[in-house]
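Comments concern the structure below.
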Amino acid sequence: MSSTQAVAVSAECTVLRALYPGTFTPVKSCCKFSEEVKCDDNGFVTTLNLDEQKIVGPIPEQLSTFSQLDTLILSRNQFTGPIPASLAKLTKLKTLSVASNFLTGTIPSELKDLKSLRSFRFDDNPALEGPFPTGFTATLASCNGTTTDVCLGPSHSGVSCSLAACE
């Protein structure tokens, strides 16, 4: 591992420790925090599953620095505020779930640039508003004839989602 990679890996661990002090115990490697964190062979975080961890507050902008992250699950916590547009920097992201929180605002149109995204869950955030972003990537699994992988529908969220978003 190069010194640049080591610095980046160390920075990811620092972010996790600072953002979630009650969730993870301090250890040398962030890959050993818990089974909720998975890393590649170089020590970069690839999966962060914080489902039902009782985390309160805004979704941290710093998560957008996790360059190898392909799965980000933040469901069933108490996240508040908007979905950060900076998550669009996670170019390897395949799965994003922010379901069952207290998020507000609209789904950032920047997320349409996530070409690897296959599953996006944002249901059960009653204060999300507005239509599904125009031009959202057609590679979403929702475009195969079902909206299940995108959301559970307007009855569970203030956001209207439909297959028309996949045009």
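Stretched out fully, how many nm does the piece from Q5 to S109 gain, at 0.36 nm a residue minus the Cα gap? So the extension gain works out to 34.4 nm. Computed extension length for K32-A127: 30.7 nm, one decimal, from 0.36 nm per residue of separation with the Cα-Cα distance subtracted. Under the simplified labelling scheme, the Q62-A18 pair shows an inter-label distance of 0.4 nm, with each label point 7 Å from Cα along Cα→Cβ. So, counting K/R as plus one and D/E as minus one, what does the shell of residues with Cβ under 15 Å around K38 add up to? Every neighbour counted, the sum reads -4. Normalised by 2.2 N^0.38 Å, where N is the number of residues, the C-alpha radius of gyration of region 26-89 stands at 1.13.
Karplus-derived 3J(HN,Hα) values for region 93-103, using 6.51 cos²θ - 1.76 cosθ + 1.60 with θ = phi - 60°, are 5, 9, 10, 9, 10, 10, 5, 6, 10, 10, 6 Hz; glycine and proline are entered as x.
Each value in this text was obtained by applying a stated rule to the coordinates, not by laboratory testing. Note that the coordinates shown come from a computational prediction; the quantities given were computed from them, not determined experimentally. Because the Cβ atoms are built from the backbone with ideal geometry, glycine has one as well, and the counts that use them run over all protein chains shown.
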